[in-house]
Structure formats: structure tokens, C-alpha cells
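Beneath this line is the structure, given in C-alpha cells, with notes to follow.
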Amino acid sequence: MHEQGSAQPMRAHARRNREKLLAAALEEFTHTGKDAPLDSIARAAGVGIGTLYRHFPTREALVLATYQHEVEQLCSTADDLLRTLPPNQALREWMARLASLLVAKQHMSEALRSVGPSSGAWASESYAQVFDTIDTLVAAGVAAGTIRSDLETADVVLAMSGLLRLDVAGDWKGQADRQIRLLMDGLQAGTHPHPLNAGTAE
């Protein structure tokens, strides 16, 4: 009984250490690049270097886990946003959070490239997660009558691609806000007399 009771706290402690390591790694890789010292990451997380290696045996494993964790965190916020905000506002707020992630990804690009040949699989998985989340948000807006229904999720994803080109060295937050407002204007229901799926005149 004693051993069973102590196992769960240990698992929770390990999870907390992992979360702290991932948060510290994001900061270090974003500001320093792929060569950020692992001992600095461990120190910032408040753990020993041995704890870091138990969770992430290689630098590449830590880089990959850091980005994947950020994607998962971003996608998991969609349901919370839909519970607390109208669907169109939830989509707007989620896109702002996506912009922040994409800026972090640009800062981390050198570190992410260091992952090597396996990058294709995780990139595809991350894209699928983001695509599914956008689909959920758009569908909620369509159902509520605030997002136009004459487009596909792929159209929205393509329109959002400008967020990949934010100037990380400049006023990227201002850029992101303007792009998101432009996107939301285009997505708003009831303001487009010529539906995209109406076809062309013969």
C-alpha cells in the first residue's frame, strides 16, 4: 500500500520537472539557438543535468519535444477558448497565439533543423494537429453564423500563411494583429455577396 501511494506523487513530480524543462528549453533555444547549453536549461528549470538527460537523452530529443509540446499546448487551448468566448472571438484569439508560436519557431529554426531526417514526420504531425484545430474553430463559427460557410478549412489555413512571414526582428505583434484583423474581416459571415463556391458565369 505504501509503495502504491508513493508512486503517483513521483510520477506527478516527474511530469512537473518535464514541464519546467520544456519551458526553460523554449526560452533558451529561442534566444540562443540550437547550441544553448543544456546545463543552462537544467539550471533555469531548477533541476540537475541528470534529470534533464533522464527525460531527454539527446539535444535533438529536447529540441523536438520542446516544439511538439508548444504545438500541443496551442491546440489544446481551442476547446477552452470555445467554452469562454463566442466562436469568432475564439478563432481570433487562437490565431494570435499561433502567431506567437510561429515567431518562436522562427527563433528556434536552427535548433529544429538540427533534428535532421526525422523532421519530416514530426512536421507532418504538427501540421495535422494545427489543421484539425483550425477546422474545429471554423466549424464552430459556421454553426454560430459568425463565420462564412462557403470555404474549406484548407482555404483558411492558406490565408493564414502570412503569419509565417512575420518580421521577428521588428513589430511582429503589430503585423500579426493587422493580418488577423484582415483575416477575420474576410471570414465574417454575411458580408460577401458573391460566395466562393458559386462558380463562374458561362
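The values are calculated or read from the model by the stated rules, or taken from the named source; none is laboratory data. Nothing here was measured: the structure is a model prediction, and the numbers come from that model. With ideal geometry, Cβ positions are generated from the backbone for all residues, glycine too; neighbour counts draw on all protein chains shown. When the accessible area is computed, the model is the full protein with side chains, heavy atoms only, and any ligands, DNA or RNA have been set aside. Shrake-Rupley method; radii C 1.70, N 1.55, O 1.52, S 1.80 Å.
Consider Leu112 carefully, then state whether it is part of a helix (DSSP H, G or I), open to solvent by less than 70 Å² (accessible area, probe 1.4 Å) and closer than 24 Å to Asp177 by Cβ.
no
Looking only at segment 34-51, decide whether some residue is modelled with pLDDT under 85 and either part of a helix (DSSP H, G or I) or surrounded by fewer than 18 Cβ atoms within 10 Å (Cβ to Cβ) (or both).
Looking only at segment 34-51, we keep the residues that are modelled with pLDDT under 85, and these are 34-35.
This time we only want the ones that are either part of a helix (DSSP H, G or I) or surrounded by fewer than 18 Cβ atoms within 10 Å (Cβ to Cβ) (or both), so: 34-35.
Checked segment 34-51: at least one residue is modelled with pLDDT under 85 and either part of a helix (DSSP H, G or I) or surrounded by fewer than 18 Cβ atoms within 10 Å (Cβ to Cβ) (or both).
Which residue pairs have Cβ atoms under 6 Å apart, sit 6 or more places apart or on different chains, and have a first residue in segment 124-140 that is under 16 Å from Arg92 (Cβ atoms) and a second that is among the hydroxyl-bearing types (Ser, Thr, Tyr)?
From residues that are under 16 Å from Arg92 (Cβ atoms), the pairs are Ile134/Thr153; Val138/Thr153.
Look through segment 52-70, keep the residues that are at pLDDT 90 or above and aromatic (Phe, Trp, Tyr), and return whichever of them is surrounded by the fewest Cβ atoms within 10 Å (Cβ to Cβ).
Tyr53
Just to be sure I understand the filter: pairs with C-beta atoms under 7 Å, separated by 6 or more residues or on different chains, first member in segment 147-171 and without any contact (Cβ under 8 Å) to a residue 24 or more places away in the chain, second member open to solvent by less than 40 Å² (accessible area, probe 1.4 Å). Which pairs pass?
Final answer for the pair search is Thr153/Ile134; Thr153/Val138.
Within segment 168-199, take every residue that is exposed (fewer than 12 other Cβ atoms within 10 Å of the Cβ) and farther than 26 Å from Ala139 by Cα and give me the one that is modelled with the highest pLDDT.
The qualifying residue modelled with the highest pLDDT is Gly174.
Is it the case, given these coordinates, that Ala128 is within 16 Å of the chain's Cα centre (by Cα) and either closer than 20 Å to Lys34 by Cα or modelled with pLDDT under 95 (or both)? Spell out how you get there, then give the answer.
On the way: within 16 Å of the chain's Cα centre (by Cα): yes; either closer than 20 Å to Lys34 by Cα or modelled with pLDDT under 95 (or both): yes.
Criteria met by Ala128.
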